[in-house]
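As structure tokens, the structure follows; a few thoughts come after it.
The values are calculated or read from the model by the stated rules, or taken from the named source; none is laboratory data. Remember, predicted model here, so these are calculated numbers, not experimental data. Neighbour counts are summed over all protein chains in view; Cβ atoms, including those assigned to glycine, are modelled from backbone coordinates with ideal geometry. Surface accessibility is based on the protein's heavy atoms, side chains included, excluding ligands, DNA and RNA. Shrake-Rupley method; radii C 1.70, N 1.55, O 1.52, S 1.80 Å.
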Amino acid sequence: MNVPVNTPVFQGNEKKYLMDCIDTGWISSAGAYIEKFEQGMAELTGQKYGIAVCNGTAALEAAVLALNLEKGGEVILPDFTIISCVQAIVKAGLIPVPVDCTADTWNMDVSQVEAKITDKTRAIMVVHIYGLPTDMDPIRELARKHNLKIIEDAAEAHGLTYRGEPCGGMGDASIFSFFPNKHITSGEGGMIMTSDEAVRDRARGARNLFFDPERRYIHSEFGSNFRMTNMQAAVGLAQLEQIGTTVKRKREIGAYYQEALQGIDGIQLPLPRTEYAENIYWVFGIVLKDPDRNADEIMKKLGEKGIGTRHFFYPMHKQPALLKEGCCPKESLEDSLYPNANYISTHGFYIPSGLGLTREQQAYVAEELRKLF
């Protein structure tokens, strides 16, 4: 049996909206679906504005630029995340300062954040990891206390809530990704969310080369072509209309794995819930408990059975690109500061959990995992 790690599902108005784009000729970076998608995401998150862009990495870069943070300032972020986060910080002329994750939620350890704040700190970037949110109340309290901006990476958190608040609605600038493995996909795509008009305007400028509104080919600063097409937005809007069903289905997939894999001594399963959130299982992650076993070993054996897997993120403090740039304080790169990120990055992986996954495929994955342990 072949079980890919993710299979997207298109069961709504995707084809209808796409054909409308083709029939009307509105296929590029202008058209009604872009505005509808932006408005729909704003309603989902409780933010006033959405700014659609071409992918999640672009959303992060535009969001950081839109906050207009002083160059040379520091931004605190999780060590356990994707490279796009640190890249957006470095490209904006800012200094990334990593913080270890917790061993159970895999999110930023918020208890370590305040010790990282200096007179150079300008923002905290939170990233909601793998289906559970960062504990946001302590972060918001620190932001108020130290007058810091919050950049909220909700790329994996469509439909996730924190104490009833929608993720993507808690940052001065928040972002989403619409890559094919996300709960809402447009193939590629991303969006910045904000309720601040100034941030909205700068994000719109950053995605469109900062064209002067009065004289088009005059540019006051450098931006990028991060525009989303109307066709991407059409697919994204159709997916957004299904978000309630999607989250329900993902939780069903997670609940099945939780039951089917319960009692295997050698693995740590994701938390189904915390005191502030219920897991939406963007992916279903597994961490090996035996430090002498490496994730590569298990992933290879599952691959031989036709089961797709993916590694966990690699820690930021070890990223070759970051070390080559030399843009982090040396003391923040000390390996001993990140025991949890170090461990789960080498002992963690995730198994198939896409929306197209069948119960038969899930049972097969669970059976083969049990055989390995």
### Query
Is there any pair linking a residue in the range 4-32 that is farther than 12 Å from residue 235 by Cα to one that is of a type in the set (D, E, K, R), with Cβ under 7 Å and at least six apart or on different chains, and which?
5/310; 29/227
### Message
Checking residue 263 against (1) surrounded by 15 or more Cβ atoms within 10 Å (Cβ to Cβ); (2) assigned to a loop (DSSP other than H, G, I, E, B), only one condition comes out false. Which one?
### Response
(1)
### Task
Filter the strands (runs of 3 or more DSSP E) completely within the range 32-132 down to those with at least 3 residues that are closer than 29 Å to residue 229 by Cα and either open to solvent by less than 50 Å² (accessible area, probe 1.4 Å) or in contact with a helix residue (DSSP H, G or I) (Cβ under 7 Å, 6 or more places away or on another chain) (or both).
49-53, 121-127
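So which of 276, 314, 257 ends up being of a type outside the set (Asp, Glu), part of a helix (DSSP H, G or I) and surrounded by 14 or more Cβ atoms within 10 Å (Cβ to Cβ)?
On the way: 276 fails: part of a helix (DSSP H, G or I); 314 fails: part of a helix (DSSP H, G or I).
Of the residues listed, the single one that is of a type outside the set (Asp, Glu), part of a helix (DSSP H, G or I) and surrounded by 14 or more Cβ atoms within 10 Å (Cβ to Cβ) is 257.
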#### Entry: Those residues of the range 361-373 which are in contact (Cβ under 8 Å) with a residue 60 or more places away in the chain, in a helix (DSSP H, G or I) and surrounded by fewer than 20 Cβ atoms within 10 Å (Cβ to Cβ), in sequence order
361, 363, 364, 366, 368, 370, 372
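Being over 22 Å from residue 192 (Cβ atoms) and either within 14 Å of the chain's Cα centre (by Cα) or among the small types (Gly, Ala, Ser) (or both) is the requirement here; does residue 142 meet it? Full working, then the answer.
Working: over 22 Å from residue 192 (Cβ atoms): yes; either within 14 Å of the chain's Cα centre (by Cα) or among the small types (Gly, Ala, Ser) (or both): no.
Here the answer is no, as residue 142 does not meet what is asked.
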### Message
Consider the range 323-354. How many of its residues are in a loop (DSSP other than H, G, I, E, B) and either under 19 Å from the mean Cα position of the chain (by Cα) or within 13 Å of residue 310 (Cα to Cα) (or both)?
### Response
3
#### Entry: the range 107-121 residues that are over 17 Å from residue 94 (Cβ atoms), paired with ones that are open to solvent by 40 Å² or more (accessible area, probe 1.4 Å) (beta carbon under 7 Å, 6 or more apart)
110/138
### Members of the range 1-24 found to be of a type in the set (A, V, I, L, M, F, W, C), farther than 14 Å from residue 181 by Cβ and open to solvent by less than 80 Å² (accessible area, probe 1.4 Å), listed by number
3, 18, 21
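In the range 141-173, how many are in a helix (DSSP H, G or I) and either open to solvent by less than 10 Å² (accessible area, probe 1.4 Å) or free of Cβ contacts under 8 Å to residues at least 24 places away in the same chain (or both)?
We begin by selecting, within the range 141-173, every residue in a helix (DSSP H, G or I); these are 141-146.
Add one more test, that the residue is either open to solvent by less than 10 Å² (accessible area, probe 1.4 Å) or free of Cβ contacts under 8 Å to residues at least 24 places away in the same chain (or both), and what stays is 141, 143-145.
Residues meeting the conditions: 4.
Confirm whether residue 29 is of a type in the set (Ser, Thr, Tyr) and open to solvent by 40 Å² or more (accessible area, probe 1.4 Å).
Numbers: of a type in the set (Ser, Thr, Tyr): yes; open to solvent by 40 Å² or more (accessible area, probe 1.4 Å): yes.
It is true that residue 29 is of a type in the set (Ser, Thr, Tyr) and open to solvent by 40 Å² or more (accessible area, probe 1.4 Å).
Quick one: in the range 204-234, which of the residues that are among the hydrophobic types (A, V, I, L, M, F, W, C) and touching a residue at least 24 places away in the same chain (Cβ under 8 Å) is most open to solvent (accessible area, probe 1.4 Å)? Steps first, please.
Filtering the range 204-234 down to residues among the hydrophobic types (A, V, I, L, M, F, W, C) leaves 206, 209-211, 218, 222, 226, 228, 231, 233-234.
Remaining after also requiring touching a residue at least 24 places away in the same chain (Cβ under 8 Å): 206, 226, 228, 231, 233-234.
On the way: 206: 1, 226: 28, 228: 4, 231: 58, 233: 0, 234: 0 Å².
Once the filter is applied, the top-ranked residue is 231.
Yes or no: the range 176-197 includes at least one residue that is touching a Cys at 6+ places or on another chain (Cβ under 8 Å), outside any helix (DSSP H, G or I), at pLDDT 95 or above and under 21 Å from residue 253 (Cα atoms).
no
Any idea which of 364, 276, 281 is under 25 Å from residue 178 (Cβ atoms), in contact with a Lys or Arg (Cβ under 9 Å, 6 or more places away or on another chain) and either of a type outside the set (S, T, N, Q) or at pLDDT 95 or above (or both)? Before the answer, list the steps.
Details: 364 fails: under 25 Å from residue 178 (Cβ atoms); 276 fails: under 25 Å from residue 178 (Cβ atoms).
Sole residue among the options that is under 25 Å from residue 178 (Cβ atoms), in contact with a Lys or Arg (Cβ under 9 Å, 6 or more places away or on another chain) and either of a type outside the set (S, T, N, Q) or at pLDDT 95 or above (or both): 281.
Condition (residue is open to solvent by 10 Å² or more (accessible area, probe 1.4 Å), of a type in the set (A, V, I, L, M) and modelled with pLDDT under 95) applied to the range 291-307: is it met by at least one residue?
no
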### Number of the exception - residue 5 against (1) touching a strand residue (DSSP E or B) at 6+ places or on another chain (Cβ under 7 Å); (2) within 16 Å of residue 192 (Cα to Cα)
(2)
### Task
Please work out which one of (1) at pLDDT 95 or above; (2) open to solvent by 30 Å² or more (accessible area, probe 1.4 Å); (3) over 24 Å from residue 252 (Cβ atoms); (4) of a type in the set (A, V, I, L, M) is the condition residue 323 fails and give its number.
(1)
